[in-house]
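See structure below.
The values are calculated or read from the model by the stated rules, or taken from the named source; none is laboratory data. All figures in this text were calculated on a predicted structure; none of them were measured in a lab. Methodologically, a virtual Cβ is constructed for each residue, glycine included, from the backbone with ideal geometry; neighbour enumeration extends over all protein chains shown.
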């Protein structure tokens with residue numbers, strides 16, 4: 001289980017965190033922030049939860065952590081409701097700020113989002129050659145002509161302040177490349193804030209984006225600063241923008257045009273200077289035709305656009321990417337594996353990879369764990385060859401023929417579901433998808449199973 005470092009003096013808060021998180025995480029509690037720096041040198045933590053009043057200089061430890069452990073997400077808690085403290089906390093690099101007392105649902109949501117942020121570290125490592133260089137366009141693995149052209153284009157985009165739209169299948173590197181744009185722009189020293197619109201319930205997404213005032217709705221017992229306010233002066237990455245409801249799209253259009261908004265339940269206009277990078281794996285033009293996406297918003301976010309090709313269309317990148325991933329994974333596992341057998345590499349290069357970079361990483365990690373010798377052999381490579389024989393289609397429903405790419409994607413989803421005993425959440429994690437995205441694809445391909453409730 002992931003390891004979580006928690007700096008918290010209050011016994012009630014420690015019990016609350018234990019009750020909320022102990023089933024999914026290994027928790028280690030500490031009481032004195034001045035004595036924990038050496039612990040970070042000796043132990044690895046996947047997440048840090050930091051209570052501000054735990055030390056006389058509340059931001060000093062946070063600043064040290066983000067300097068020495070830049071990839072470790074930090075959630076800050078405090079009894080303060082000061083907007084200035086909240087904004088400063090985020091600008092110092094915290095993933096989230098939670099006012100006390102907080103509910104189990106609130107802390108669990110913050111932890112889930114922070115762990116997704118941590119997964120971006122893996123995506124960075126997948127796409128760059130050298131781990132010593134962060135967000136360097138010249139270190140991105142771009143051996144194919146298509147990717148070379150895209151990197152050249154993004155270098156030009158980074159010099160502007162215009163809104164950018166990035167399209168492409170899940171796992172093609174949109175999150176990392178959005179970070180590259182930010183950190184190679186004039187906003188590099190300002191916040192880079194990310195939010196996955198598909199992973200947050202619609203009822204909470206408005207508050208996540210724009211914040212809310214105390215008393216704005218039932219349960220809003222504290223002021224909350226939204227992502228736009230946190231990103232002031234910097235860049236906001238809106239992943240899966242196609243999942244936003246029409247009502248929120250109208251508010252998003254306003255902030256893009258006027259650079260102003262109000263928190264939920266508030267009437268004070270807040271002005272921000274934020275550069276937006278939006279991303280989606282859906283066809284927004286089709287959503288516009290269906291009345292599910294605003295045409296005016298589409299043109300507003302599509303000032304500059306780039307379409308990332310799937311891994312199967314950048315074959316020249318696969319071999320160096322696979323070798324780099326294997327080296328990284330072996331360092332993590334403390335194993336010595338020299339490389340792949342020729343048949344394995346041929347299979348890796350020839351496979352379509354519907355799950356793209358994330359799927360390739362999962363397959364290589366599994367193979368490295370199972371492999372005992374110095375070379376990855378075919379028996380340890382879990383790449384589907386033929387579709388499973390399980391009946392998955394509902395009687396009486398006739399679907400149009402699938403394209404080769406769609407058939408491969410359906411095959412992969414079925415394989416992951418069977419491997420994970422048809423538990424959708426576990427299968428989504430295996431595939432590197434959000435549960436919401438996997439559920440969408442399950443309905444798209446009319447996949448069902450006797451242990452599930454009927455698909456709505």
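Taken over segment 4-38, the criterion of being outside any loop (DSSP other than H, G, I, E, B), modelled with pLDDT under 85 and surrounded by 12 or more Cβ atoms within 10 Å (Cβ to Cβ) is satisfied by 33, 37.
Taking each residue of segment 88-105 that is more than 13 Å from residue 49 (Cα to Cα) and looking for partners that are surrounded by fewer than 21 Cβ atoms within 10 Å (Cβ to Cβ) and modelled with pLDDT of 90 or more with beta-carbon atoms closer than 6 Å, six or more apart or interchain, yields 104/20. Filter segment 63-79 down to the residues that are modelled with pLDDT under 80 and assigned to a loop (DSSP other than H, G, I, E, B), then identify the one that is surrounded by the fewest Cβ atoms within 10 Å (Cβ to Cβ). Checked segment 63-79; the qualifying residue surrounded by the fewest Cβ atoms within 10 Å (Cβ to Cβ) is 70.
Would you say residue 268 is touching a helix residue (DSSP H, G or I) at 6+ places or on another chain (Cβ under 9 Å) and either at pLDDT below 95 or within 24 Å of residue 168 (Cα to Cα) (or both)? The answer is no for residue 268. Does residue 225 meet the test of being in contact with a helix residue (DSSP H, G or I) (Cβ under 6 Å, 6 or more places away or on another chain), modelled with pLDDT of 90 or more and farther than 28 Å from residue 146 by Cα? Judged against the criteria, residue 225 is not a match. Restricting attention to segment 329-358, the residues that are over 18 Å from residue 144 (Cβ atoms), part of a helix (DSSP H, G or I) and in contact (Cβ under 8 Å) with a residue 60 or more places away in the chain add up to 1.
Checked against the criterion of being in the same structural domain as residue 159 (by TED's automatic domain parsing), under 24 Å from residue 179 (Cα atoms), in contact (Cβ under 8 Å) with a residue 12 or more places away in the chain and part of a helix (DSSP H, G or I), the candidates 252, 326 yield just one match: 252.
Taking residue 357 as the residue in question, decide whether it is under 26 Å from the mean Cα position of the chain (by Cα), more than 21 Å from residue 428 (Cα to Cα) and crowded, with 19+ Cβ neighbours inside 10 Å. In short, no. Part of a helix (DSSP H, G or I), modelled with pLDDT of 90 or more and under 26 Å from the mean Cα position of the chain (by Cα), is that true of residue 321? Answer is yes for this residue. Applying the set (1) buried (at least 23 other Cβ atoms within 10 Å of the Cβ); (2) under 17 Å from the mean Cα position of the chain (by Cα) to residue 194 leaves exactly one unmet item: (1).
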